[in-house]
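The values are calculated or read from the model by the stated rules, or taken from the named source; none is laboratory data. If you're wondering where the values come from, they're calculated on a predicted model, not measured in any experiment. Here the Cβ positions follow ideal geometry from the backbone for every residue, glycine too, while neighbour counts run over all protein chains shown. Areas reflect the complete protein model, heavy atoms only, side chains present, ligands, DNA and RNA absent. Shrake-Rupley method; radii C 1.70, N 1.55, O 1.52, S 1.80 Å.
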Number of protein chains: 2
Amino acid sequence: MTEPTPSVDPMSAASAETEAQRKGRLGARAGVKVTLSVDAMGGDRGPATVVAGIARSASKNPALHFILHGPAAELNKLVRKRRILRDRIEIRDVPGVVTMDEKPSQAMRRPDTSMRSAIDAVKNGEAQACVSCGNTGALMATSMIRLRKLDGINRPAIACLWPSRNAQGFNVMLDVGADIRADARDLLQYAMMGASYARNGLGLDLPRIGLLNVGTEEHKGRAELKDANELISNASGIGGYDFKGFVEGGDIPGDKVDVIVTDGFTGNIALKTGEGTAKLVGDFLKEAFKATPLSRVAALLALTSLKRLQKRIDPRRVNGGVFLGLKGTVVKSHGSADATGVSAAIKLAYELASTGFTERLAARVASADASAQNDPTS
Amino acid sequence: MTEPTPSVDPMSAASAETEAQRKGRLGARAGVKVTLSVDAMGGDRGPATVVAGIARSASKNPALHFILHGPAAELNKLVRKRRILRDRIEIRDVPGVVTMDEKPSQAMRRPDTSMRSAIDAVKNGEAQACVSCGNTGALMATSMIRLRKLDGINRPAIACLWPSRNAQGFNVMLDVGADIRADARDLLQYAMMGASYARNGLGLDLPRIGLLNVGTEEHKGRAELKDANELISNASGIGGYDFKGFVEGGDIPGDKVDVIVTDGFTGNIALKTGEGTAKLVGDFLKEAFKATPLSRVAALLALTSLKRLQKRIDPRRVNGGVFLGLKGTVVKSHGSADATGVSAAIKLAYELASTGFTERLAARVASADASAQNDPTS
């Protein structure tokens with residue numbers, strides 16, 4: 001029954017919360033046990049890394065409890081080594097593992113996988129959110145058939161956090177890969193869901209939304225983007241956001257908007273291009289510092305500065321795509337996540353579970369559907 | 001009649017050239033005057049920056065001559081200050097300027113613009129290539145109606161160079177914004193044109209081509225991508241490239257392929273996302289080094305290393321999108337290019353003009369159309 005320490009506070013954005021949100025969040029948290037359902041299998045580094053990430057989160061946040069899914073014999077051995085997890089973890093023995101190259105349509109039909117078992121624990125109300133490092137397509141397909149879509153949602157989306165120049169330190173982008181298609185109405189729903197996520201996850205009162213395009217002029221881009229531009233603009237009152245119109249790729253890490261809306265094909269390409277570019281610059285930086293004996297000395301002296309930079313752009317710190325538009329919260333961790341990455345995904349899942357995000361989003365979508373009222377807290 | 005100095009050598013990739021290519025290139029260069037047609041207007045920084053960039057290039061490369069288009073009174077003043085340009089530049093008095101927010105369909109109809117005049121000098125055979133910092137859409141539209149498309153090309157494309165882990169230091173990506181649509185056959189033509197550009201611009205014997213998608217598995221992505229995957233694979237002999245199949249956003253700066261093929265919508269978003277991310281990391285790096293007095297000292301000591309990094313990722317060094325698929329070479333410089341950026345675009349235009357790139361590309365497309373022979377020099 002302990003209040004979480006500041007270190008489990010979400011994304012250093014708490015200061016931007018409204019008083020009402022802060023109270024709601026603390027009310028949800030104080031002493032309230034949160035159980036997360038974790039898929040131990042399917043990540044590139046195996047279950048030992050997942051258990052290490054869980055243990056790290058558990059040591060920081062006493063409110064956290066876990067249900068862990070996978071082959072019990074293997075998991076028991078790993079969990080037994082971590083004293084912090086004693087009495088806070090339950091293991092569900094599931095033999096099947098969804099592989100990274102398995103087709104979603106096949107994977108979602110197999111009843112005995114750790115992935116499906118992890119999702120079902122949320123469906124059955126035993127856990128408040130699910131975390132998996134596994135195959136994204138399979139996780140989305142299985143989540144869709146087990147949890148079902150929220151009423152009024154056509155295509156669920158995956159939202160990611162992106163390091164940015166904004167005060168909150170991150171922007172939200174969606175969809176980054178749930179569905180390669182999106183029509184104008186889908187893009188409107190992404191705007192609504194993205195705004196809700198930014199309010200609850202980043203503590204922004206009135207998130208600024210941008211629609212990704214190849215130019216900011218109104219005549220540019222595909223026909224469905226022009227339609228979406230109008231739909232999103234008209235719904236800003238109901239959606240509780242400030243729509244800024246079209247934005248370009250350069251605005252994704254910028255401070256012009258907080259939420260970037262796009263289809264899952266474009267969003268996925270942009271996400272991976274951004275990650276790849278940041279990694280390239282980081283690697284070039286390392287090489288530059290290794291080039292001569294003098295530069296090696298300079299690197300030693302610059303170590304603190306470089307670590308400060310690394311912390312700001314470290315993709316592991318923002319690990320966790322959130323599936324939006326389902327009756328239940330699912331966080332997708334990078335397949336290659338290490339213990340730090342897994343722990344970041346768990347922190348995000350905890351944050352969303354403890355603020356009752358899914359319920360708030362459902363209420364917002366329902367109210368938008370009814371085109372009725374405007375409740376700024378959802 | 002001087003041989004260009006090594007400093008005008010293209011992208012430090014000369015070592016990867018074949019002997020035949022090297023001879024061809026030197027033969028084209030030695031003592032041969034190259035005239036470039038330059039649009040002085042339309043860039044964000046005005047004609048003074050364009051003239052400064054021209055002067056910088058002229059001082060490095062004695063083979064370069066220029067035709068400069070814009071209001072003569074203004075341009076004469078700027079040119080008179082640069083002694084290096086004496087007897088090497090002709091000014092064409094044109095009053096009209098295409099603005100950045102002008103619709104391409106309007107701009108291309110105006111007969112009195114510096115942009116159109118610059119393109120016409122290539123059309124009339126007075127210059128071997130055109131360079132402009134102006135409105136991209138207007139430049140492409142005007143180039144299309146004045147120069148016309150190469151026989152056999154449906155949609156021309158804009159190709160850009162991207163800093164990469166490959167030995168040549170750069171990858172080619174196309175289309176980055178000529179047309180927001182591209183069907184499977186267009187993507188095949190992009191592969192052919194990109195391969196030709198990589199051979200002539202980067203000196204690669206057998207460029208490796210990748211088709212941008214949201215995953216590397218064959219079942220992923222949109223229908224037209226699956227069709228293009230097959231078309232590009234089947235034409236690798238005629239196209240003179242090594243097709244590696246689907247690649248992801250993270251491969252754009254990577255060493256898996258040399259040329260990335262995609263539609264102009266996705267390519268433009270990826271390009272701007274990559275530029276924005278690199279800029280964000282650079283700014284964060286500067287802030288990290290300014291954070292404390294000690295970090296400022298470290299920054300001083302690390303200056304050489306940081307400059308080395310900056311040089312590798314400096315977008316000004318790779319300034320210049322090349323329009324492919326037209327009967328004439330047009331290089332689009334960034335609207336915000338400074339003198340260094342303009343000079344880089346001029347170097348690229350010189351390189352392509354002096355190697356007879358457009359003629360080689362035309363020959364390659366023709367031979368592909370005839371599905372006949374495979375000439376590895378085009």
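Is chain A rounded, prolate or oblate when judged by the Cα gyration tensor, a ≥ b ≥ c being the square roots of its eigenvalues, rounded requiring a/c under 1.5 and prolate requiring a/b larger than b/c?
On the way: a/c = 1.44, a/b = 1.11, b/c = 1.29.
Note, shape of chain A comes out rounded.
Measuring heavy-atom accessible area with a 1.4 angstrom probe and counting protein chains only, the residues of region B:230-262 that give up at least 10 Å² relative to the chain alone are B:Glu248, B:Gly249, B:Gly250, B:Pro253.
What does the average come to when, for each residue of peptide B:294-303, you count the partner chain Cβ atoms lying within 10 Å of its Cβ?
Values: counts 4, 7, 1, 2, 9, 4, 3, 8, 13, 2.
The per-residue average across the peptide is 5.
With the simple spin-label model, which puts each label point 7 Å out from Cα in the Cβ direction, the B:Ile145 to A:Asp151 separation comes to 5.5 nm. When you restrict to C-alpha pairs under 8 Å that are six or more residues apart and normalise by the size of chain B, the relative contact order lands at 23 percent.
Taken across both chains, chains A and B shield about 4800 Å² of accessible surface from a 1.4 Å probe. Ignoring ligands, DNA and RNA, please state the percent of accessible area on chain B from carbon and sulfur, probe 1.4 Å. The nonpolar share, carbon plus sulfur, comes to 52 percent.
With a probe of 1.4 Å, find how much accessible area the protein assembly as shown has per residue, and write the answer as a whole number in Å².
Working: 29480 Å² over 756 residues.
Here the per-residue accessible area is 39 Å².
Using only alpha carbons, build the gyration tensor for the protein assembly as shown and give me the equivalent ellipsoid semi-axes, biggest first, whole Å. Provide the component values of the computation, followed by the final result.
On the way: eigenvalues 487, 142, 138 Å².
Equivalent-ellipsoid dimensions as semi-axes: 49, 27, 26 Å.
Each of A:Phe323, A:Leu78, A:Asn171 was placed along the dipole of chain A (beta-carbon charges, centred on the mean Cα), and the one lying farthest toward the positive end is A:Leu78.
The mean number of Cβ atoms from other chains found within 10 Å of a Cβ in peptide A:97-104 is 1, as a whole number.
Across region A:75-202, the relative contact order, built from alpha-carbon pairs under 8 Å that are at least six residues apart, equals 17 percent.
When both bridge partners sit in the protein assembly as shown, DSSP labels roughly 30% of those beta bridges antiparallel.
Measuring between their Cα centroids, region B:272-299 and region B:160-194 lie 30 Å from each other.
Using only alpha carbon pairs under 8 Å that are at least six residues apart, calculate the relative contact order of region A:154-314 and give it in whole percent. Worked out over region A:154-314, it gives 29 percent. Here the ratio of the Cα radius of gyration of region A:215-294 to 2.2 N^0.38 Å is 1.55.
In region B:155-201, the alpha-carbon atoms span a convex hull of 72 Å³ per residue. The contact residues of region B:126-168, meaning those that lose at least 40 Å² of 1.4 Å-probe accessible area when all protein chains sit together rather than their chain alone, are B:Arg165. Scaling against 2.2 N^0.38 Å puts the C-alpha radius of gyration of region B:162-317 at 1.22.
Gain on full extension, evaluated as 0.36 nm per residue between A:Ile84 and A:Ala72 minus their Cα-Cα distance, stands at 2.5 nm. Beta-bridge orientation, region A:33-186: approximately 25 percent antiparallel, per DSSP, counting only bridges with both partners inside.
Applying 1/(1 + (r/R0)^6) with R0 = 30 Å to the Cβ-Cβ distance of A:Arg312 and B:Ala223, what FRET efficiency is obtained, to the nearest 0.05? The pair A:Arg312/B:Ala223 has a calculated efficiency of 0.15.
Most tightly packed first, judged by the mean number of other beta-carbon atoms within 10 Å of their residues, the peptides A:141-153, B:171-183, B:93-105 read B:171-183, A:141-153, B:93-105. A convex hull fitted to the Cα coordinates of region A:30-166 yields 154 cubic angstrom per residue.
Rounded to the nearest 5, what is the percent of antiparallel bridges among the DSSP beta bridges in region A:154-314?
Working: 5 of 15 bridges.
Taking every DSSP beta bridge with both residues in region A:154-314, the antiparallel ones total about 35 percent.
Computed over chain A, the per-residue total of -39500 (n - 2.57) for DSSP H runs of n ≥ 4 gives a 222 nm mean residue ellipticity of -14000 deg cm²/dmol, rounded to 500. Here B:Glu74 sits with roughly 80 square angstrom of accessible surface, probe radius 1.4 Å. The phi-based Karplus calculation (6.51 cos²θ - 1.76 cosθ + 1.60; θ = phi - 60°) puts the 3J(HN,Hα) values of region A:32-37 at 8, 5, 10, 9, 9, 9 Hz, whole numbers, x for Gly and Pro.
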